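Take a look at the structure below.
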Amino acid sequence: MDRKKVVWSEGMFLCPQHFQQQERYLEDYARRYLEQLQPGRYGLTDLALDEHLLAIGKVGVRQASGLFPDGTPFNLRTAVATEVPEDTRDKIVYLALPVYKTGSVEVGDNTSDNRRYHLISYQAFDACREDSDSIQLDVAELNIRLKLEGEDIQDLTLIPVARVHERKPDGVVELNKAFIPVCLHFGVSDYLVDHVNDLYTQMLSRARDIAHRIRADKSNKSPQALMEDHLWLQTLGRWLPLLQSWLNERRMHPEEIYRWLLVIQGDFCALEGRLQDEPETFQVNRLYVLFSGLFSTLRTQLQQVRVDAVVQLPWDDSLLIRRRLLRTSIQDRSLYSASRFILSVTASMGTQELSRQFPLLCKLGGNSRIAELVRNALSGISLQVLPVPPVELKVKTDAAYFELDTRSPLWLEMLQKEESLALHMDEQLGDVTVELFAIR
């Protein structure tokens, strides 16, 4: 009943309770209206911690604004602080406000911790007359203070603002940098801002890499491989403006950030040819757990995007005319463990004859062994003829394709010695063009 609308009637005798009841009605009306629009939302829209107090064993808030869980909006511009006891570890610091209780006194002086408001004096002027004198008004300010986890928080509404990692023996308080305060605007959290910015930077870098690959690799990549790059570029390009708008405004609610990041992850999973795992439900008391796992997954997916499926390995042909020898040094060691190595060979003799003759008239091996293999007519790294090229490579009608045997002892010896791969070709092959590709 204490939130019902006052019935104003002619001739009634006015008391302070009438105006107090009307205030309660209007406040409750605003809370219920907001609850219908965005149910259950509360938190900070602004937060500035006092970093200097950490050195003397305290946690302080210089300013803050937002909405308490009971629907009370606040704009704190008077600094508050609390002492952190010795040996404190892993404790949450809260902004605290006494809750409204029917029939209780709400206003007290600055020493009354259990009052919802404390009394302050204010000099007010008549806004309609220039020559009016000021009068002193008693006004009420929300009695907001800091509470440490483990202290008495009965009859208080709370917003977590920080987490104490530990108080060191020298008295310095160290905060948990990964803690995410409950907030209405994600810009309140340095952790969220930094990770969204990092995600945006990685996505932009991957998009530029893919765009460069598309322009540079059209001659060697198959339509399927180019289509995959185009789809990744389209997906990244679609989400980059959204992330940029988040960073420009920083007013998006963390729940909305979480939902959109799940959509982005779902797009990435679709491009990987798999279904996204069932996501966790958003909970304000598990922000770090939710976001840290999601950001980690997105980073892993983006690392896979950066890897080009087709890598052409350049030959050193300085000894080609004199010794019929091509050499290449594979700088990226990760190619050895997760790639197929393909030779694309073109010559004037025709693909069928080339497929038959090339494995017989060439030697492959490590740079230190190639001379011995040629001189003694020993077998090198074996080549398997491919009837069709790998789907990642663009089909050339005048080319024959061969796959290197990466289980050959000579190949393994070359890896162990970390030396260049050498290819010797007999003069009977005539003019021949050889390209080497690593396909992940």
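Does G237 satisfy the condition of being surrounded by fewer than 17 Cβ atoms within 10 Å (Cβ to Cβ) and either at positive phi or basic (K, R) (or both)? Considered against the rule, which asks whether it is surrounded by fewer than 17 Cβ atoms within 10 Å (Cβ to Cβ) and either at positive phi or basic (K, R) (or both), G237 comes out as no.
Can you tell me which residue in the range 172-199 is farthest from the chain's Cα centre (by Cα), limited to those that are part of a helix (DSSP H, G or I) and either buried (at least 18 other Cβ atoms within 10 Å of the Cβ) or at positive phi (or both)? Outline the logic, then answer.
Pass one, the range 172-199, residues part of a helix (DSSP H, G or I): 186-188, 190-199.
Next cut, either buried (at least 18 other Cβ atoms within 10 Å of the Cβ) or at positive phi (or both) only: 186-188, 191-192, 195-196, 199.
On the way: F186: 13, G187: 14, V188: 16, Y191: 10, L192: 8, H195: 5, V196: 5, L199: 4 Å.
Only one residue fits best here, namely V188.
Only one entry in L271, L320 is over 30 Å from Y94 (Cα atoms) and touching a Ser or Thr at 6+ places or on another chain (Cβ under 7 Å), namely L271.
The set of residues in the range 27-40 being assigned to a helix (DSSP H, G or I) and exposed (fewer than 13 other Cβ atoms within 10 Å of the Cβ) consists of Y29, A30, R32, Y33, E35, Q36, L37.
Could you please give the count of residues in the range 200-225 that are hydrophobic (A, V, I, L, M, F, W, C) and either surrounded by 17 or more Cβ atoms within 10 Å (Cβ to Cβ) or in contact with a His (Cβ under 7 Å, 6 or more places away or on another chain) (or both)?
Filtering the range 200-225 for residues hydrophobic (A, V, I, L, M, F, W, C) gives 203-204, 207, 210-211, 214, 216, 225.
So of that shortlist, the ones also either surrounded by 17 or more Cβ atoms within 10 Å (Cβ to Cβ) or in contact with a His (Cβ under 7 Å, 6 or more places away or on another chain) (or both) come out as 203, 207, 210, 214, 225.
Final tally of qualifying residues: 5.
Here L393 meets the list (1) under 44 Å from the mean Cα position of the chain (by Cα); (2) of a type in the set (A, V, I, L, M, F, W, C); (3) surrounded by fewer than 20 Cβ atoms within 10 Å (Cβ to Cβ) almost entirely, failing just condition (3).
State whether the residues of the range 332-351 include one that is within 15 Å of I381 (Cβ to Cβ) and among the basic types (K, R). Checking the range 332-351: at least one residue is within 15 Å of I381 (Cβ to Cβ) and among the basic types (K, R). Is one or more of the residues making up the range 85-102 among the charged types (D, E, K, R) and free of Cβ contacts under 8 Å to residues at least 40 places away in the same chain? No, that holds for no residue.
On the basis of being in contact with a helix residue (DSSP H, G or I) (Cβ under 7 Å, 6 or more places away or on another chain), in contact (Cβ under 8 Å) with a residue 40 or more places away in the chain and closer than 30 Å to E427 by Cβ, does R251 make the cut?
no
Among the residues of the range 408-440 satisfying the criterion of being assigned to a loop (DSSP other than H, G, I, E, B) and closer than 19 Å to I370 by Cβ, which is farthest from the chain's Cα centre (by Cα)?
Initially, the range 408-440 is screened for residues assigned to a loop (DSSP other than H, G, I, E, B), giving 408, 418-420, 426, 430-431, 440.
Subsequent filtering for residues that are closer than 19 Å to I370 by Cβ retains 408, 418-420, 426.
Numbers: S408: 42, E418: 37, E419: 39, S420: 39, D426: 54 Å.
Among them, the one singled out is D426.
Just one of the numbered conditions (1) under 30 Å from I439 (Cβ atoms); (2) part of a helix (DSSP H, G or I); (3) touching a helix residue (DSSP H, G or I) at 6+ places or on another chain (Cβ under 7 Å); (4) not hydroxyl-bearing (S, T, Y) is not true of L275: (2). Just so you know, in the range 303-354 the residues that are part of a strand (DSSP E or B) and among the charged types (D, E, K, R) include one that is nearest to P390 (Cα to Cα), and it is R340. Looking at the range 412-420, is at least one residue touching a helix residue (DSSP H, G or I) at 6+ places or on another chain (Cβ under 8 Å) and either free of Cβ contacts under 8 Å to residues at least 12 places away in the same chain or crowded, with 17+ Cβ neighbours inside 10 Å (or both)? Within the range 412-420, none of the residues are touching a helix residue (DSSP H, G or I) at 6+ places or on another chain (Cβ under 8 Å) and either free of Cβ contacts under 8 Å to residues at least 12 places away in the same chain or crowded, with 17+ Cβ neighbours inside 10 Å (or both).
Within the range 226-260, which residues are within 16 Å of V284 (Cα to Cα) and not aromatic (F, W, Y)? Even if it seems obvious, please write down each step before you answer.
Step one: list which residues in the range 226-260 are within 16 Å of V284 (Cα to Cα), which gives 252-259.
Of everything in the range 226-260, those that are within 16 Å of V284 (Cα to Cα) and not aromatic (F, W, Y) turn out to be M252, H253, P254, E255, E256, I257, R259.
Residues checked against (1) modelled with pLDDT of 95 or more; (2) among the β-branched types (V, I, T); (3) surrounded by 12 or more Cβ atoms within 10 Å (Cβ to Cβ); (4) not assigned by the TED database to the domain that holds Q331:
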residue	(1), (2), (3), (4)
Y258	yes, no, yes, yes
A270	no, no, yes, yes
R274	no, no, no, yes
P279	no, no, yes, yes
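Among the criteria (1) closer than 19 Å to R440 by Cβ; (2) part of a loop (DSSP other than H, G, I, E, B), the one M227 does not fulfil is (2). Among the residues here, I120 does not qualify as hydrophobic (A, V, I, L, M, F, W, C), surrounded by 11 or more Cβ atoms within 10 Å (Cβ to Cβ) and under 26 Å from R89 (Cβ atoms).
All of T45, T78 fail the test of being loosely packed, with under 13 Cβ neighbours inside 10 Å, of a type outside the set (A, V, I, L, M, F, W, C) and within 26 Å of V173 (Cα to Cα), apart from T78. Just one residue in the set Q428, Q352 is more than 23 Å from V311 (Cα to Cα) and in contact (Cβ under 8 Å) with a residue 60 or more places away in the chain; that residue is Q428. Of the strands (runs of 3 or more DSSP E) lying entirely inside the range 41-114, the ones with 3 or more residues being of a type outside the set (D, E, K, R), touching a helix residue (DSSP H, G or I) at 6+ places or on another chain (Cβ under 9 Å) and at pLDDT 95 or above are found at 43-49, 58-67. Among the residues of the range 139-159, those identified as in contact with an Asp or Glu (Cβ under 9 Å, 6 or more places away or on another chain) and touching a residue at least 60 places away in the same chain (Cβ under 8 Å) are R145, L148, T157.
The values are calculated or read from the model by the stated rules, or taken from the named source; none is laboratory data. Just so it is clear, the model here is predicted, and its values are computed rather than measured. Using ideal geometry, Cβ is built from the backbone for each residue, glycine included, and neighbour counts are taken over all protein chains shown.
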